[in-house]
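The structure appears below as structure tokens.
Just so you know, all these numbers are worked out from the coordinates, no wet-lab data involved. Please read all numbers here as calculations on a predicted model, not as lab measurements. Neighbour counts are summed over all protein chains in view; Cβ atoms, including those assigned to glycine, are modelled from backbone coordinates with ideal geometry.
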Amino acid sequence: MLTWNYSLTDVVIAVLGICVVFNLLILMMRSLRRAAAGSGGSSVVFVKNPILETQVQSLSTPATVYDIKDLGDKTVELDIRSHREHCKFVAYWGVPIKDFPWSDAEPPHQHKEELLLGYVGSHRLQLNVKDCELGDQPRTHYHLVTVISAPEAESMLYSIYHLYGCSLKTSLLKQYLKSESGSMLAVRSIFNESRCVICMDAPATFTLLPCRHSCVCRSCLPHIQEQCPICRVYVQSYFVTSPIDTE
């Protein structure tokens, strides 16, 4: 009868030998592949998709609405900055949601009041909240919609607000610009940085999409590796925020 007596040292040596042989085989296969590629074989090269520029059209606004505050006692305050003289401010109370976008000169409403913003600059308007039929939850009417226009302005600014009365606090919900052609364009905020966040020197003149961070200059834009340097969202496109340093 034959017996095999192996020590622990023999087992370790055998395992190491197997590992060495396996690694040598892998190296030989890689060498053969490289040789085949160098002699006319094919290889796969991954190319990053270029980030394309989005062409945008500049459209001036008669004013900017920054915020709305609930002052209590059925009073709200609007923080507005007018960019033109003699802006017309109209507040519509109890506006049907289903009729949006409103094709008429003014939206259907239950109450209405008008004010004149005579000078360019900041305004704080206090409005007494009107009682309106808003419908059961979910509401069928916006409690407040304001429209700001100005003589010879390219657009009118529509602002939609939610006022107190349910779980949501008083806030500015949405904003739209209505152009001379009648189209309604949604207003989105741009998150501006004064200087490029990469070189920290040149002005930030390019806005990245879809995150809307205006944070890079012309020289640093080609060095972006697919993601926004601030929020790391993948960049799909960009547009020029300011003509400075774009030549």
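Some points to look at:
- Straight Cα distances below 21 angstrom link K74 to the lysines K112, K130, K169, with same-chain residues fewer than 8 positions distant left out.
- Under the simplified labelling scheme, the S219-Q236 pair shows an inter-label distance of 3.1 nm, with each label point 7 Å from Cα along Cα→Cβ.
- For segment 63-186, the square roots of the Cα gyration tensor eigenvalues, ordered a ≥ b ≥ c, give a/c of at least 1.5 with a/b no greater than b/c, which places it in the oblate category.
- Highest to lowest packing among 119-132, 151-164, scored as the average C-beta count within 10 Å: 151-164, 119-132
- Annotation: for a label point projected 7 angstrom from Cα along Cα→Cβ of Y66, residues of segment 174-191 with backbone N closer than 20 Å are 174-176, 187-191.
- Between A186 and E106, the modelled labels are 2.8 nm apart [label points 7 Å from Cα along Cα→Cβ].
- Extension reserve of the L16-D131 stretch, reckoned as 0.36 nm per residue once the Cα distance is removed: 32.9 nm
- Peptides 205-211, 107-113 ranked from most to least packed give 205-211, 107-113, packing being the mean of other C-beta atoms within 10 angstrom over each peptide's residues.
- Taking a ≥ b ≥ c as the square roots of the eigenvalues of the Cα gyration tensor, segment 124-168 is prolate, since a/c reaches 1.5 or more and a/b is larger than b/c.
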